[in-house]
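Here's the structure, in structure tokens; my notes come after.
The values are calculated or read from the model by the stated rules, or taken from the named source; none is laboratory data. Since we're looking at a predicted model, the values are computed, not measured. For neighbour counting, all protein chains shown are included, and Cβ atoms are generated from backbone atoms with ideal geometry for every residue, glycine included.
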């Protein structure tokens, strides 16, 4: 352990240099080794100042308190705690601290001014609070008076909701017998009353653990579940939000600072378990509406998986599997055409499949996974009954649900003896519902090549018969999709076509025909897109499809419908059409070796070459793909899985390939849509979305591409692309986009610095690759107006300034413009750099002279500005040195030149330099003889 005093002194030096993170680190080390209470108090006080700088007000208040515990009259610690408490909204406590400061130093104007300001703020707050009591009672009176006008009741309901979202307002409602009154509103059963009550309860539970626990006891979990079970989507969504607010408050997921409340040790585990069990019961409840079941599944899907994957605690998932897996499987097995089925929406079964995937992904060892499989196996066995076809097709539908969820589990069940044969046999059943369920199961099970081969051998003729002979459109289209999937079993490998030449085009034509028929219901048309998702592996099919503008628009319109289960199929189709899946480069030598050893070598379709792909992208943009993608991105997370997000990100990246198309993408809302994709999802998906953002941000006006506060959200994804793990093109595009953002506003420059991008940008200035080095230097040029960046160049012990000077001496004109521009701004803002330039390299004067006689007027102008800054730096020796060399001649030649619009800035700068030299007495004005 080092010397605490030494660490404290180092921390002080770092603090004075503006290196706050390093200062905190030193003070923390000093605290660990310090035994002297008085010294410890000083260190805590100093670290408190650091936390204030970093805007970490909770820690600042905590450290200041520790210093005050040792010395109650520590005026610096008292004032720092006052500042921190004020920022945390604890005005009364802040007022007490500054009052003590003013008592100790009654003539200190800073303390007196703070005392006056906080006093006025507290008075205003008290006035609001006391008026709130009467307002709350008045609102309830209006809401519960049935004779009151509808407009007044609506206004009172909205005011109550707004009030509940403020901590003081929520507390007033709670203290004024608000919860029983809200229950009375719920009991009326009227939609507007129930909505107002539930939304008010949500506001009251947000960010307050104790109040949330009290409300659970007063309202009851069963009551909340009964409200969420009603067949009204708006009420169901509001109640779902109430459950989420309660969960976030009880688990601390809301990331709020609870202040004094944190001192109370509140055990919420019992309440959380009760809620989890109630939601599991809702999943299989017969009296629960379709919307209510969807939201119960959504809540489980969102809150059961671990938020931190490194955590080993998966007890919630194990509890849900033990108590609810069979109920979820029951939902997956529902067949709406049969009697006595659970109420469901078109999204329910897909949401259930997503939940099954998330539960299975939570399992961390083989015994846990074996238990999951055993429960599924047991459930299927209990349902298969040769004498009861309804129970059997329920079991087959469960397997379909598992194949759409945890595929390994579903695939293992399909591999059991007799299951595939049963599916094929059911296709020949006389009942249409049997045929429909069996065909769907075959479609989902054909994902593996071995299963597809079995169906091609045993089931193609059956599927063809169903397609040709059945009059039921729903079965016909499913049989067609089955044929489509089998036809695409070879993927995009031109040499592995499953059907005869032209067959896949005929299947695709029929899919497009159904897709464009508005008389067919949405669910059936969805299957047409499913078929195209498989068939578009074939380049002939995707080429025909993108040429059919009516079919494209029909698909985009469907993607905007309420049935969001369609999104995955649309995303797959678009990925295929734009060829934006990952393709590994195959070495010609390896191809020859594979042919020689008689191994199969995949062949590329002629229409999968770059020119054809570019044409398809243009047609998709013309058909309005961007607005469709923007709508799909807004879908609920339970439907929009991470895999789907990744596919949408890939499509966006393919669309932004041509700079000419980026304006169209921005105009149709593509910029806004990309932000959530860059922040959430798989690592590959976030990287692709960030890359697409970089392409847009590099050449667009940030205010238009990312309106409002969204422009600040794009900085973090762009900085993420600077990581050395990313490829060179991603680094380059990220640097270009950050250059554009940095040149736009001071707030954006500060945001880039806050995201710690500066070190990465500096590293890329050393890069061997010319374009990346140029982009990094241009970015630095736009950031150098920030004082924090300037200080990095001014500080001793680094080669940053030397690098900038040497980059000016490179042959690349764009690089010279950027480096010289940065140098011009730096020497203007920090005069001490003028002298430092002469010390970092012996070549400085030669480089400066070369720049001053450069043919490019932009380079020349920047160099002359540097010369002027050096003359104006209050360093007479440096100014004398500049004028005594060839630079005076260069300045004279440029200054005497005739006015020229193209070079006028450089000419004016040279003349200004000469005037400055005359002012300094280094040269005399030219005088003509009398």
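Summary table below
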| item | result |
| --- | --- |
| Matching option when the condition is touching a helix residue (DSSP H, G or I) at 6+ places or on another chain (Cβ under 8 Å), assigned to a helix (DSSP H, G or I), free of Cβ contacts under 8 Å to residues at least 60 places away in the same chain and surrounded by 22 or more Cβ atoms within 10 Å (Cβ to Cβ), among 213, 193, 218, 204 | 204 |
| Answer residue from the stretch 288-311, given it is under 25 Å from the mean Cα position of the chain (by Cα) and not in a helix (DSSP H, G or I) and is modelled with the highest pLDDT among those | 304 |
| Which listed residue, of 607, 564, 584, is at pLDDT below 90 and loosely packed, with under 14 Cβ neighbours inside 10 Å | 584 |
| Criterion (within 28 Å of residue 109 (Cβ to Cβ) and either in contact (Cβ under 8 Å) with a residue 60 or more places away in the chain or crowded, with 17+ Cβ neighbours inside 10 Å (or both)) met by exactly one of 30, 58, 49 | 49 |
| Search result, residues across the stretch 782-814 that are under 19 Å from residue 841 (Cβ atoms) and either assigned to a helix (DSSP H, G or I) or in contact with a strand residue (DSSP E or B) (Cβ under 8 Å, 6 or more places away or on another chain) (or both) | 792, 793, 794, 800, 801, 802, 803, 804, 805, 806, 807, 808 |
| Filter result (assigned to a helix (DSSP H, G or I) and surrounded by fewer than 19 Cβ atoms within 10 Å (Cβ to Cβ)) within the stretch 221-236 | 221, 222, 223, 226, 233, 234 |
| Single match in 336, 289, 301 (criterion: out of contact with any strand residue (DSSP E or B) (no Cβ under 8 Å at 6 or more places or on another chain), free of Cβ contacts under 8 Å to residues at least 40 places away in the same chain and either under 25 Å from residue 237 (Cβ atoms) or surrounded by fewer than 16 Cβ atoms within 10 Å (Cβ to Cβ) (or both)) | 336 |
| Residue check for residue 68: farther than 23 Å from residue 118 by Cα and either crowded, with 22+ Cβ neighbours inside 10 Å or touching a helix residue (DSSP H, G or I) at 6+ places or on another chain (Cβ under 7 Å) (or both) | no |
| Among residues of the stretch 324-361, those that are in a loop (DSSP other than H, G, I, E, B) and within 11 Å of residue 294 (Cα to Cα), counted | 5 |
| Top-ranked residue of the stretch 477-534 - restricted to ones that are within 19 Å of residue 554 (Cα to Cα) and assigned to a loop (DSSP other than H, G, I, E, B), ranked as modelled with the highest pLDDT | 516 |
| Filter result for residue 465 (modelled with pLDDT of 75 or more, under 23 Å from residue 509 (Cβ atoms) and surrounded by fewer than 18 Cβ atoms within 10 Å (Cβ to Cβ)) | yes |
| Residue match in the stretch 852-868 (condition: over 26 Å from residue 770 (Cβ atoms), in contact (Cβ under 8 Å) with a residue 24 or more places away in the chain and surrounded by 18 or more Cβ atoms within 10 Å (Cβ to Cβ)) | yes |
| Sole exception among (1) modelled with pLDDT under 85; (2) more than 17 Å from residue 144 (Cβ to Cβ); (3) out of contact with any helix residue (DSSP H, G or I) (no Cβ under 6 Å at 6 or more places or on another chain) for residue 178, by number | (2) |
| Residue count, the stretch 888-901 (criterion: in contact with a helix residue (DSSP H, G or I) (Cβ under 6 Å, 6 or more places away or on another chain) and either closer than 23 Å to residue 811 by Cα or outside any helix (DSSP H, G or I) (or both)) | 4 |
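Listed here are the residues, each with its yes/no results for (1) surrounded by 18 or more Cβ atoms within 10 Å (Cβ to Cβ); (2) out of contact with any strand residue (DSSP E or B) (no Cβ under 9 Å at 6 or more places or on another chain); (3) in a loop (DSSP other than H, G, I, E, B).
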residue: 676; (1), (2), (3): no, yes, no
residue: 697; (1), (2), (3): yes, yes, no
residue: 726; (1), (2), (3): no, yes, yes
residue: 730; (1), (2), (3): yes, yes, no
residue: 738; (1), (2), (3): yes, yes, no
residue: 747; (1), (2), (3): no, yes, no
